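The values are calculated or read from the model by the stated rules, or taken from the named source; none is laboratory data. What you are looking at is a predicted structure, and each value in this text was computed from that prediction instead of being measured. As a convention, Cβ positions derive from the backbone with ideal geometry for all residues, glycine included, and neighbour counts pool all protein chains shown.
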Amino acid sequence: MRPARKALVLHNRDNVATALSDIEVGTLVIVKVGDQTMELIVNQAIPFGHKFAIENIEEGQPVYKYGEKIGKAAKPIKVGQHVHTHNLESIRGKANQQQ
Amino acid sequence: MNFQGYRRPDGSVGIRNHTLILPTVICASETASRIAAQVKGTVTFTHQHGCAQIGQDMEQTFKTLAGIGRNPNVTATLIIGLGCETIGAEKILKAIEREGKPTEMLNIQDEHGTRRTIKKGVAIAKRMAKTTIRMKREPCNVSELVVGLECGGSDVTSGIAANPALGAASDMVIKEGGTTILSETTELIGAEHIIAKRASTPHVEERIYEIVKRMEQKIKATCADFISGQPTPGNMKGGLTTIEEKSLGCIFKAGTAQIKEVLEYGEKPSEKGLVIMDTPGHDVESITGMIAGGAQLIAFTTGQGTPVGSAVAPVIKITGNPRTYRTMRENIDVNAGTIIDGKETIEQVGKRIFNEIIKVASGKRTKAESFGYHEFAINRIGPTL
């Protein structure tokens, strides 16, 4: 197993990582968050470029990437789960909705 | 730092010598194309507009067509009109002529139809194109360059690799006294607070929030979630989930410089350094606006790859996706995928992009130019009557 450089966390406030290669179910991934290193098991297949949670995110809570809000969790998200259109929704992109 | 460019009588600097055959209106597009096809050194494009338009929308189309003719890469313009359209050839002629460039016009109705318009048009275009052959490149300073920054067909690598590298190159252009334009207001949504902090004055800061709000209101007036259009299906396949995520990745291409002013669509910068132009995220409408505003060159990042070019300004294609570089190499000029592969730093790739800008400004052809691509689209802001 080559855990290094499989995924990237762009800011230490982030709760998601970005896959730098296709990651298979059950892969142990090591990511760097600021100066810290963390290990986690990816429990869903993550295609190259897609995101997975590096901490549990409650429904309605913001999802952070680049240290900024990219939307909110549409349902509870567990560590290692794929984060995409099925469980992350835009706040600014919704019609007739105030921020 | 210098590149080899063409100095124009009005003091501006071009990096190409195009004779432009400019149709005022869709009804003249085909005739313009037939003329351009017969004369080497000419460029043209088709568009859908120029008639049945009113108010600000009509003004914006007029400004764009005139701006394209005024672009320093255009040495001479032959305007082909129909004769009865809203934005007449004469109005465009006057606007371009002011810059002291050879500009002529023909109206198809006045010439009694296709054959005579083409015959006369070809003769004029040949005469115009001939004068450009004698023009020689000379050393011109990077401070004369206006580079339009664009991203399209984005994926996750755009925000991680290609855009930060283009941002580094943008900083280098500005350090040399040049100008870069950040556009695509749609892709500031969710990231405007970061960009606004870099405004040079409170007025510029206000204008940044203003254009984003205006764009958001326009989108909301359609009563549709704009998630159906932005991010695009391809963006989502590439891993981008929300407009906020896309925007945050997009703004990296503007580097770290201060923002000097906010321009309307197709408006010419009055300041050097980094400026913002209010355009939609639609790639071709966006680059057309920047070229109408005087950009001689476009630096265009893409995750999934796109072949788009322009008749008037060379478009340098940069991908941050190593796979796209392998699969679409014929359309890509710079590989920034080395950042994802861990072989180069953002700064190193930024330097390579800057060097490519200098080479292309000095005459090196881009992939889009080699294919002769010349997409063109004007951003419409009103109804067609």
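Only residues that are charged (D, E, K, R) and free of Cβ contacts under 8 Å to residues at least 40 places away in the same chain: list them for region A:36-67, please. Answer for region A:36-67, where residues must be charged (D, E, K, R) and free of Cβ contacts under 8 Å to residues at least 40 places away in the same chain: A:39, A:51, A:58, A:59.
For region B:334-351, taking the residues that are touching a strand residue (DSSP E or B) at 6+ places or on another chain (Cβ under 8 Å) and in contact (Cβ under 8 Å) with a residue 40 or more places away in the chain, the one that is nearest to residue B:12 (Cα to Cα) is identified as B:349.
Of all residues in region B:10-29, those satisfying the criterion of being within 23 Å of the chain's Cα centre (by Cα) and outside any strand (DSSP E or B) are B:10, B:11, B:12, B:15, B:16, B:17, B:24, B:25, B:26, B:28, B:29.
Can you give me the number of residues within region B:336-376 that are in a helix (DSSP H, G or I), more than 19 Å from residue B:141 (Cα to Cα) and more than 14 Å from every other protein chain (Cβ to nearest Cβ)? Residues in region B:336-376 being in a helix (DSSP H, G or I), more than 19 Å from residue B:141 (Cα to Cα) and more than 14 Å from every other protein chain (Cβ to nearest Cβ): 8 in total. Residues in region B:137-188 that are surrounded by fewer than 24 Cβ atoms within 10 Å (Cβ to Cβ), out of contact with any strand residue (DSSP E or B) (no Cβ under 8 Å at 6 or more places or on another chain) and either free of Cβ contacts under 8 Å to residues at least 12 places away in the same chain or part of a loop (DSSP other than H, G, I, E, B) (or both): B:175 alone. Of all the numbered requirements in (1) in contact (Cβ under 8 Å) with a residue 12 or more places away in the chain; (2) assigned by TED's automatic domain parsing to the domain that holds residue B:113; (3) among the acidic types (Asp, Glu), residue B:10 misses one, and that requirement is (2). When the test is whether a residue is in contact with a Gly (Cβ under 6 Å, 6 or more places away or on another chain) and either in contact (Cβ under 8 Å) with a residue 12 or more places away in the chain or more than 14 Å from chain A (Cβ to nearest Cβ) (or both), residue B:208 does not pass it. With respect to the conditions (1) within 28 Å of residue B:177 (Cβ to Cβ); (2) surrounded by fewer than 22 Cβ atoms within 10 Å (Cβ to Cβ), residue B:27 lacks only one, and its number is (1). Are any of the residues in region B:147-154 over 18 Å from the mean Cα position of the chain (by Cα) and assigned by TED's automatic domain parsing to the domain that holds residue B:292? Among the residues of region B:147-154, not one is over 18 Å from the mean Cα position of the chain (by Cα) and assigned by TED's automatic domain parsing to the domain that holds residue B:292, which makes the answer no. Annotation note: of A:8, A:28, A:20, A:40, the sole residue that is in contact with a Leu (Cβ under 9 Å, 6 or more places away or on another chain), surrounded by 14 or more Cβ atoms within 10 Å (Cβ to Cβ) and more than 14 Å from every other protein chain (Cβ to nearest Cβ) is A:40.
Among the residues of this structure, residue B:221 does not count as one that is touching a helix residue (DSSP H, G or I) at 6+ places or on another chain (Cβ under 9 Å), more than 9 Å from every other protein chain (Cβ to nearest Cβ) and not polar (S, T, N, Q). Residues that are out of contact with any Pro (no Cβ under 8 Å at 6 or more places or on another chain), within 21 Å of residue B:142 (Cα to Cα) and either assigned to a helix (DSSP H, G or I) or among the polar types (S, T, N, Q) (or both) within region B:271-300 comprise B:287, B:290, B:291, B:292, listed in sequence order. Only residues that are free of Cβ contacts under 8 Å to residues at least 60 places away in the same chain and either outside any helix (DSSP H, G or I) or not acidic (Asp, Glu) (or both) were counted in region B:49-65, giving 3. Could you please give the count of residues in region B:183-205 that are facing chain A (nearest Cβ under 8 Å) and at positive phi? The total comes to 1. Would you check if there is a residue in region B:35-53 being touching a Cys at 6+ places or on another chain (Cβ under 9 Å) and under 28 Å from residue B:147 (Cα atoms)? Yes, region B:35-53 contains a residue that is touching a Cys at 6+ places or on another chain (Cβ under 9 Å) and under 28 Å from residue B:147 (Cα atoms). Pairing residues of region B:300-323 that are outside the structural domain of residue B:353 (by TED's automatic domain parsing) with residues that are aliphatic (A, V, I, L, M), at Cβ distances under 8 Å and at least 6 apart in sequence or on separate chains, gives no pairs at all.
Rundown of residues vs (1) assigned to a helix (DSSP H, G or I); (2) in the same structural domain as residue B:57 (by TED's automatic domain parsing); (3) among the basic types (Lys, Arg); (4) in contact with a Gly (Cβ under 7 Å, 6 or more places away or on another chain), yes/no style:
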| position | (1), (2), (3), (4) |
| --- | --- |
| B:219 | yes, no, no, no |
| B:241 | no, no, no, yes |
| B:244 | yes, no, no, yes |
| B:247 | yes, no, no, yes |
| B:261 | no, no, no, no |
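Looking across region B:301-333 at every residue that is charged (D, E, K, R) and in a helix (DSSP H, G or I), the one that is surrounded by the fewest Cβ atoms within 10 Å (Cβ to Cβ) is identified as B:330.
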